[in-house]
Amino acid sequence: MSEAPTPGSVAEVRDALAAVDYLADEPAALVSFLAQRLGKPILVEGPAGVGKTELAKALHRATGRELIRLQCYEGLDEAKALYEWNYRKQLLRIQAGGEEGWGEVHDDIFDAEFLLERPLMRAIASPEPVVLLIDEIDKTDQEFEAMLLELLSDFQITIPELGEVAATTMPVVVLTSNNSRELTEALKRRCLYLWLDYPDVEREMEIVRLHAPELSETLARRLVEVVHMVRGLDLKKPPSIAESIDWARTLLLMGAEDIDRETFEQSMSILVKHRTDIDLVSERVGMKLGEPAGAAGAEKTES
Amino acid sequence: MGAASSSPYGPQLEGGPPGLAAKLLSFCEELRGEGVAVGTSEILDAFAALEQVPWGEREDFREALAATIAKSQEDRRVFELLFDRFFFRSAEAEALERGEARERQGERFEGGERLDIDELREQVRQAIVEGNDGEMRDLARLAIAAFGQRGEGSGVVGVDVQRIRRSLELATGSQAGATEGELPPIDREQLHRFERHLRRELERDLIERTGTLPPSRPLAELDRALPTSPTQDLAAVHRAVSQMKRRLATLGHEQRGRRKGRIVDVRRTMRASLETGGVPLRLRDKPKRPRRPEIYVLCDVSTSVTSASVFFLSVLHALHDSFRKLRSFVFIERISEVTEIFEHERDFREISRRVSGEGGVADVSGYTDYGRVWLEFLGEISEDLGPRSTVIVLGDARTNGREPHAEVFAQVAERAGRLFWLNPEPRLYWNYGDSVMAAYERHCDGAFECWTTKHLEDFVNVVAAQPTGT
């Protein structure tokens, strides 16, 4: 069943992930390791923008498996996630068949040829080992979750007309959730659970510097500290890791050498993306940052 | 560490069966006791996972267990608490094993006491600055031993921690200037870590001495009780409410699988049949329009519910974030609409200030007058109430002896599609004293006790489970 090579140790997984620019912390590396060894799906939860989806992509890059992605949304159903019969083609087949008996036609039109494979089906049927990413599973309805159960525990799909299609290779399945609703116990039961949170200052600094290598260490530290300060406020949408990387790149483009109040206010929109949040952040964080070296920054308090 | 047969834990356990498997099972049993749903499949997974990791490594062992057993953040929190407590005993056994080593070190320190304290002080400072956990733990043990020999132990863990800290002359940046100028200040975070080690070791000593473990029950009440403090709870409340929003919004979709009460849309079916040469292969249904909930929330802010009203306000706050068609009212003696305040203000503290300040609830006596509230509410919005509207009342139904006007309440209930009552008091207290809950409850579609987010979630579940029929 599992031809794909499995990693030997947790450290091996962590190094492989690091080699493809994903700095996994201890739990993330361990769970990825277990998932590959035990063949269990990973359920990743955490706030938006901490690298949940990125973990799946990194696994895909690190293991060389193909990545198949199913983006979930409200109202997603099996026809779009699993498979669908190709009605038009079937109809053509019936018309083209002429005076064949019903039995033959019946056997014929419910054949793999007339099956439209959707992501889940594709992941199962793929002859090559794959990484299956089921993104934002919390956006779907509970019925859809129930449908996933067979897939997640046995890696097989039952098509009434064809029978069971079982996976030939063990896929690595990653489910992500923003925790916008409680997932069912049944689903959780089948998964390994991983909670990803915002990284601490050191780790985030490493991440930022990995993606913006030209950034000096002091500036990177300052940047990450400010981001952490911003996250500490009660915001509608706290800045994600991707946004701190964007900000780092912006600062590089601006040629900033230090983050003072002026640079911060100019580039703040990269980090904070709600009107009310912007007000709050510029009031709380802007104050703490020093005034630009030369001119006294004019107080801007119109709203 | 060896295999389960030569278990380092086994013999030392009082009453517990030897072996890791049994150990893990009883750990899961305790987790269940704390309300974490640990099924057999989880336990099997845990075993499978442990086979894959070098579980002699404390971190790997813990993470592997957590990944397979604790399947939500809340579960994880309980898991951490219990893990520490549960494997305390094993950690204790570990300490016994190392006991010899410690004694040897102890001897070394017995010689010249004063000098060793100085040396120890230096080592501790070094370890703290380096942030080496293992080192810190060992040194904490040494410090306790040295401290104990001087006979200054008070037996109270918290006090001892502080005394040891002081005798080691450890101070954070702010305090350092006062005590000693020459030593560089220590990072507050790091110092706290050392203190945690101290505390753990002291607790372990205490267990060793008295031979009893700290009680395992209170965890459920103490550590997990949900405080009604606003900021802490806000996120949880928001989560519960956004869940409610989803449930209410997709209420119509629930029977999709069964396709109950479908109505064929002839026009759309004919159109679709064009694709298949006029053969209506696919029936098209009239789409089911999800109900757009109109919600009216009435919230009691009088003194009798002071403790709960912060919680209620945060519920209101979260509701406003999620529902567009929502009107909210606060009341004490009279009723006052506060929809605007919630719509224009995002910061919770500001909201609570404005609601209490300019809510204009005619707080003359500070006593709730439910009867009058119903009369006013009905008078103000009777036309708007329809079968689609949901009324939610947050209050304790304590009328202070005034006329409850249950018949007016009945009218409200009749006009509104659904009416729910959330009461911040435990069901036990309902109808005692001046509570007239029973009179109102008869007319409600549901009355719930509600003072934690857990209750709120239960409420959401019940609301969502109710059939759409109005």
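FYI, it's all coordinate maths here, none of it is from the lab. Bear in mind the structure is a predicted one, so any value in this text is a computation, not a measurement. Every residue, glycine as well, gets a Cβ built from its backbone with ideal geometry; the counts of neighbours run over all protein chains shown.
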Rounded tilt (10° steps) of A:52-63 against the dominant C-alpha axis of chain A
70 degrees
Name the long-range amide H neighbours of B:Ile392: under 5 Å, sequence gap of 5 or more, or other chain; modelled H, no Pro or chain starts.
B:Tyr296, B:Val297, B:Leu298, B:Phe420
If neighbour count is taken as other Cβ atoms inside 10 Å, put B:Leu419, B:Leu428, A:Leu91 in order from fewest to most.
B:Leu428, A:Leu91, B:Leu419
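Please identify every one of the GluC sites (Glu not before Pro) in the stretch A:166-216 that sits in a loop by DSSP and has no more than 13 other beta carbons within 10 Å of its own beta carbon. Numbers along the way, then the final one.
Numbers: sites: A:Glu182, A:Glu185, A:Glu202, A:Glu204, A:Glu206, A:Glu214; in loops: A:Glu182, A:Glu214.
Sparse-neighbourhood loop GluC sites (Glu not before Pro): A:Glu214.
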Acute angle (nearest 10 degrees) that the helix A:142-154 long axis makes with the longest principal axis of chain A, alpha-carbon atoms
70 degrees
What's the angle, to the nearest 10 degrees (0 to 90), between helix A:275-288's Cα axis and the longest principal axis of chain A?
40 degrees
Loop-resident sites, the stretch A:138-232, for trypsin sites (Lys or Arg not before Pro), counting at most 15 other Cβ within 10 Å (DSSP):
none
How large is the helix-only mean residue ellipticity at 222 nm for chain A, computed as the sum of -39500 (n - 2.57) over DSSP H runs with n ≥ 4, divided by its residue count, in deg cm²/dmol to the nearest 500?
-14500 deg cm²/dmol
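Restricting attention to the stretch A:251-281, which GluC sites (Glu not before Pro) occupy a DSSP loop and are surrounded by at most 14 other Cβ atoms within 10 Å?
Numbers: sites: A:Glu257, A:Glu262, A:Glu265; in loops: A:Glu257.
Within the stretch A:251-281, the qualifying GluC sites (Glu not before Pro) (loop, at most 14 other Cβ atoms within 10 Å) are A:Glu257.
When B:Cys28, B:Cys299 are ordered from fewest to most other Cβ atoms inside 10 Å of their Cβ, what list results? Working shown, then result.
Working: B:Cys28 20, B:Cys299 23.
By the 10 Å Cβ count, ascending: B:Cys28, B:Cys299.
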Rounded, prolate or oblate: which fits the stretch A:202-273 when a ≥ b ≥ c are the square roots of the eigenvalues of the alpha-carbon gyration tensor, with rounded for a/c under 1.5 and prolate only if a/b beats b/c?
oblate
Can you give me the long-range amide H partners of B:Glu425? Hydrogens built in the peptide plane at 1.01 Å from N, cutoff under 5 Å, separation of 5 or more residues or another chain.
B:Cys450
Chain A - percent relative contact order, Cα under 8 Å, separation 6 or more
21 percent
Taking θ = phi - 60°, what integer Hz values does the Karplus form 6.51 cos²θ - 1.76 cosθ + 1.60 yield along the stretch B:329-334, in sequence order, with x for Gly and Pro?
10, 10, 8, 10, 8, 10
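Mind sorting B:His320, B:His443 by how few other Cβ atoms lie within 10 Å of their own Cβ, fewest first? Write out the running numbers ahead of the final one.
On the way: B:His320 23, B:His443 18.
By the 10 Å Cβ count, ascending, the order reads B:His443, B:His320.
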For chain A, set up a GNM with springs between Cα atoms under 10 Å and report which of A:Ile124, A:Ile259, A:Ile134 has the largest fluctuation.
A:Ile259
